[in-house]
């Protein structure tokens, strides 16, 4: 699980974002401190989410249906589809930008990014597993080794003053920028699907999640910032080319192999996740669904190319930590707060018992989801014309809103819910 989680947290854009933070005027202390503190905050979400899967042994979709209702769960599924497609388009753009920096392609990004998006659908369309396995067992470890080697090489050759230079941006603003990125890239939403077969112990889950987070969300951006500080480069394509020359001795083919395998594997997972969720909404043949989603991803890649990699990454990451994580935050609230408050394990006992009734909608969860996503999205500043409302860490504000609304509504509707002991005595439930 540790090796798997490392491959999920170590994306090359996590290193490239360090170039953006240098451009914004952050110093070393802000980058390192902000990344570390953001990882701590993310662990407060990730550890209970992983533990929930291990504790219940139930899939993400099963628990979502219990808490949101069988038809209400479609809202969560729809959000999963379009967020996976958003990441698919963004990763296609990053792949095109990185390869363009290595080989100086003449095609504009608005053409090159959609081409890569369509090529990346090949694996899902035909069902081959070679690309994903190659990335997991070769490209991902090599990517970590590459970035770690670059970090130690830059540290050894850098002027010691880079660690004490003053910042050009205030610490609160720097932390907000770092936290939105780390939380946006570190949360997956369906963590419990990965961990539901593991041991239900926080001590078992803690080491791999911490190690993966520190490598992908701390070491990678710090390395990118140090390279930018040493070279003055702030462009993603130029940064990729420099890191290739710096580490691979001017032989870009090695860098291209690692990046292509990593990016293709990431988008293989994104397209698989979106197509799996899509199948719960529409009964279409698999290849037709993959084709539709790939075309949507290619169109989005073309659109994001006009926005640029930096702004696109900021927007998608900000939305991800709200849209993808908000349903899980509500699940955690039900399990860890509402359950003890009602003095019973509502997910494992009550909802499991009444699940045969197939409740269509559970208003408390859906209203809390709407409120949390609304507050988080508005304060993220991603809505055109509402940039002035961008304040604080959007994900934390959205999560807090959803939790508070859900607790209040569950307390309000407590009397209208069937008592778990009465349900357990019902003949139909006992027979099941």
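The values are calculated or read from the model by the stated rules, or taken from the named source; none is laboratory data. These figures come from a predicted structure and were not determined experimentally. Positions of Cβ are generated from backbone atoms using ideal geometry, with glycine treated the same way; all protein chains shown enter the neighbour counts.
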Check on residue 15, part of a helix (DSSP H, G or I) and surrounded by fewer than 23 Cβ atoms within 10 Å (Cβ to Cβ): no
The range 275-290 residues that are in a helix (DSSP H, G or I), paired with ones that are at pLDDT below 85 and surrounded by 13 or more Cβ atoms within 10 Å (Cβ to Cβ) (beta carbon under 6 Å, 6 or more apart): 287/125; 290/124; 290/125
Near pairs, Cβ below 9 angstrom, 6+ apart or cross-chain, from the range 372-386 (loosely packed, with under 14 Cβ neighbours inside 10 Å) to any residue that is at pLDDT below 90 and in a helix (DSSP H, G or I): 383/389
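Return yes when residue 98 is in contact with a helix residue (DSSP H, G or I) (Cβ under 9 Å, 6 or more places away or on another chain), more than 30 Å from residue 255 (Cβ to Cβ) and part of a helix (DSSP H, G or I) and no when it is not.
no
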Any hit, the range 211-224, residues being closer than 24 Å to residue 305 by Cα, in contact with a helix residue (DSSP H, G or I) (Cβ under 6 Å, 6 or more places away or on another chain) and surrounded by fewer than 17 Cβ atoms within 10 Å (Cβ to Cβ): no
Among residues of the range 109-129, those that are at pLDDT below 85, in a helix (DSSP H, G or I) and over 24 Å from the mean Cα position of the chain (by Cα), counted: 1
Selection status of residue 85, crowded, with 20+ Cβ neighbours inside 10 Å and within 25 Å of residue 56 (Cα to Cα): no
Selected residue [in a helix (DSSP H, G or I) and within 21 Å of residue 51 (Cβ to Cβ)] from 178, 209: 209
Set 305, 274, 279, 269: member being surrounded by fewer than 17 Cβ atoms within 10 Å (Cβ to Cβ) and in contact with a helix residue (DSSP H, G or I) (Cβ under 8 Å, 6 or more places away or on another chain): 279
Per-region count, the range 181-197, residues part of a loop (DSSP other than H, G, I, E, B) and either surrounded by fewer than 17 Cβ atoms within 10 Å (Cβ to Cβ) or modelled with pLDDT of 90 or more (or both): 1
Helices (runs of 4 or more DSSP H) wholly inside the range 313-432 that include at least 3 residues being over 30 Å from residue 17 (Cβ atoms) and at pLDDT 90 or above: 363-380, 394-412
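Matching residues to (1) at pLDDT 80 or above; (2) in a helix (DSSP H, G or I); (3) under 20 Å from residue 86 (Cα atoms); (4) out of contact with any helix residue (DSSP H, G or I) (no Cβ under 9 Å at 6 or more places or on another chain):
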{"residue": "107", "(1), (2), (3), (4)": "yes, no, no, no"}
{"residue": "135", "(1), (2), (3), (4)": "no, yes, no, no"}
{"residue": "142", "(1), (2), (3), (4)": "yes, yes, no, no"}
{"residue": "150", "(1), (2), (3), (4)": "yes, yes, no, no"}
{"residue": "156", "(1), (2), (3), (4)": "yes, yes, no, yes"}
{"residue": "173", "(1), (2), (3), (4)": "yes, yes, no, yes"}
From 271, 203, 259, residue being more than 18 Å from residue 82 (Cβ to Cβ), in contact (Cβ under 8 Å) with a residue 24 or more places away in the chain and part of a helix (DSSP H, G or I): 259
Yes/no for residue 247 being touching a residue at least 24 places away in the same chain (Cβ under 8 Å), part of a helix (DSSP H, G or I) and over 15 Å from residue 143 (Cβ atoms): no
Selection status of residue 29, crowded, with 24+ Cβ neighbours inside 10 Å and farther than 21 Å from residue 267 by Cα: no
Pairs where the first residue, in the range 25-41, is on the phi > 0 side of the Ramachandran plot and the second is outside any helix (DSSP H, G or I) and surrounded by fewer than 22 Cβ atoms within 10 Å (Cβ to Cβ), C-beta under 6 Å, 6+ apart: 25/168; 25/169
Subset of the range 101-110 [touching a residue at least 12 places away in the same chain (Cβ under 8 Å), surrounded by fewer than 19 Cβ atoms within 10 Å (Cβ to Cβ) and more than 21 Å from residue 254 (Cα to Cα)]: 108, 110
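Checking the conditions here, which among 52, 90, 99, 80 is under 30 Å from residue 227 (Cα atoms), within 19 Å of the chain's Cα centre (by Cα) and at pLDDT 85 or above?
On inspection, the qualifying residue turns out to be 90.
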